[in-house]
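Report on the following structure.
The values are calculated or read from the model by the stated rules, or taken from the named source; none is laboratory data. These figures come from a predicted structure and were not determined experimentally. Reconstructed Cβ throughout: ideal geometry from the backbone, glycine too, with neighbour counts over all protein chains shown. Side chains included, ligands, DNA and RNA excluded: accessible areas come from the protein's heavy atoms. Shrake-Rupley method; radii C 1.70, N 1.55, O 1.52, S 1.80 Å.
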Amino acid sequence: MARVRMLLDCDPGLDDAIALLIAAHLTDLVGITTVNGNVGIDHTTHNALAIAQVAQLDVPIHRGAARPYVNEPIDAAYVHGATGLGSVEVPDVTGTVVSDDAAGFIVESARSIADLELVAVGPLTNIADAVTADPDLRGRLGGFTIMGGAAVGGNTTATSEFNIWADPEAADVVFRTMAPFTMVGLDVTHQVLLGPAERDRMRAAATPASLLAADLLDYAVARAGELRGSAGAPIHDACAVLAVTHPHLFAGTDHPVEVELTGTHTRGMTVVDARPMAETDRPIHVLRDADSAAAIDVIVESVLALGSS
Ligand code: RIB
Ligand code: CA
């Protein structure tokens, strides 16, 4: 079966980095765009270049938005470390970005590449810029998937997940203009936790990519333990890649979803209307369940396969 043609918009970020590694193996990755999110745009862009270098990925990387539409930039350095890759040392970067116009690259790729799967795993600023530049963007894509939001709960506030919380106005544009799409939210990513056993499998393989992934996972698992008291770390963004390449591993339902912009306690919330009578002409496919064991195995096996090719 032909490999999925994917464009990954990301804010590396520990889990973004693992998502990039598995996308390198599982997909025909046509390009990477970076956005301000987990850390600042300089770091997320540097990290994308470094991960692509380790994965021997020869794909165009375009730098994107340096700040959200309205919010002052926030980060998730408390999770991902000051550089965005924890305490992991990456090789000196030899590559450079092709442009600073991530949105333009997304628009042009959708126009020129058939059946392109656009996957966004950071704040949605670049996607909102792209659909504002080309209102027909969604119709030109084979599919659109985000890691973001939640039907229930949040991780950055009681009600809001980081990618939405970081730029709610951009998310609102995307939810109003890019349906139908798949929302890979915390409801499902919190079911896919990688821990010491997966780290040890990667370290034992001892390839450049598997050692990098093991180091990233080591840091993520330690922080997850400190912050959540959990034995494993949710590799959120890898789930969004798998939702495209391995859809059978997930189950979800279609709903109207709105992004809350003005709530005192709920700004950045994805309000999923799960009432049976709720109707909409812009359905969002909200994932609810994952075959966690199978997803975890695909993630590990994909990282291990990178070094053997
Ligand atoms: O809430 C999880 C999301 O926020 C992931 O994409 C992670 O990388 C951070 O960006
Ligand atoms: Ca991310």
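Taking a ≥ b ≥ c as the square roots of the eigenvalues of the Cα gyration tensor of the range 78-210, is the shape rounded (a/c under 1.5), prolate (a/b larger than b/c) or oblate? Oblate shape, in that a/c is at least 1.5 and b/c is the bigger or equal ratio. Across the chain, how large is the tail of the calculated P(r) beyond 26 Å, expressed as a percent of all Cα pairs? In whole percent, the share of Cα-Cα pairs in the chain beyond 26 Å is 38. Which residue, A166, A48, A293, tops the fluctuation ranking in a GNM of the chain built on C-alpha contacts under 10 Å? Looking only at A166, A48, A293, the biggest GNM fluctuation is shown by A293. Computed from backbone phi, the HN-Hα couplings of the range 197-210 come to 5, 5, 4, 5, 4, 5, 5, 5, 5, 6, 9, x, 5, 6 Hz, rounded to whole numbers (Karplus: 6.51 cos²θ - 1.76 cosθ + 1.60, θ = phi - 60°; Gly and Pro given as x). Proximity of backbone amide H atoms, modeled 1.01 Å from N, is registered between D28 and V4, R5, M6 at under 5 Å, excluding neighbours fewer than 5 places apart on the same chain. Collect residues whose amide H, placed 1.01 Å from N in the peptide plane, falls under 5 Å from the amide H of V259; neighbours closer than 5 in sequence don't count. Those qualifying (amide H under 5 Å, at least 5 residues apart or on another chain) are V271.
3J(HN,Hα) along the range 276-290: x, 8, 5, 10, 7, 9, 9, x, 10, 8, 8, 6, 10, 10, 9 Hz, from the Karplus curve 6.51 cos²θ - 1.76 cosθ + 1.60 with θ = phi - 60°, whole Hz, x for Gly and Pro. Overall, the accessible surface of the range 3-159 at a probe of 1.4 angstrom is composed of carbon and sulfur to the extent of 49 percent. For the range 179-194 and the range 90-112, write down the distance between their C-alpha centroids in whole Å. Cα centres, the range 179-194 to the range 90-112: 26 Å. Between the amide H of S99 and those of R63, distances stay under 5 Å, these residues lying 5 or more places away or on another chain, with hydrogens modeled in the peptide plane.
With each run of n ≥ 4 DSSP H residues scored as -39500 (n - 2.57), what mean residue ellipticity at 222 nm is computed for the chain after dividing by its residue count and rounding to the nearest 500 deg cm²/dmol?
Working: 13 runs with 130 residues, N = 309.
Result for the chain, helices only: -12500 deg cm²/dmol.
Computed 3J(HN,Hα) for the range 45-51, one whole-Hz value per residue from the Karplus formula 6.51 cos²θ - 1.76 cosθ + 1.60 where θ = phi - 60°, is 6, 4, 5, 5, 4, 5, 5, glycine and proline marked x.
How much accessible area per residue does the chain have, counting only protein heavy atoms and a probe of 1.4 Å, in square angstrom?
In whole numbers, the chain has 39 Å² accessible per residue.
Computed over protein heavy atoms with a 1.4 Å probe, the carbon and sulfur contribution to the accessible area of the range 231-296 reaches 55%.
Taking the range 250-290, which GluC sites (Glu not before Pro) meet the DSSP loop condition and have no more than 12 other C-beta atoms within 10 Å?
Counting only loop positions with at most 12 other Cβ atoms within 10 Å, the GluC sites (Glu not before Pro) in the range 250-290 are E279.
Look at where the Cα atoms of the range 223-242 and of the range 258-309 average out, and the two centres are 14 Å apart. One compactness figure for the range 173-305 is 1.22, namely its Cα radius of gyration divided by 2.2 N^0.38 Å.
The ellipsoid that matches the Cα gyration tensor of the range 33-97 has semi-axes, each √(5λ) in whole angstrom, of 21, 15, 7, with the longest given first. Its relative contact order, with pairs defined as Cα atoms under 8 Å and 6+ residues apart, puts the range 223-309 at 27 percent.
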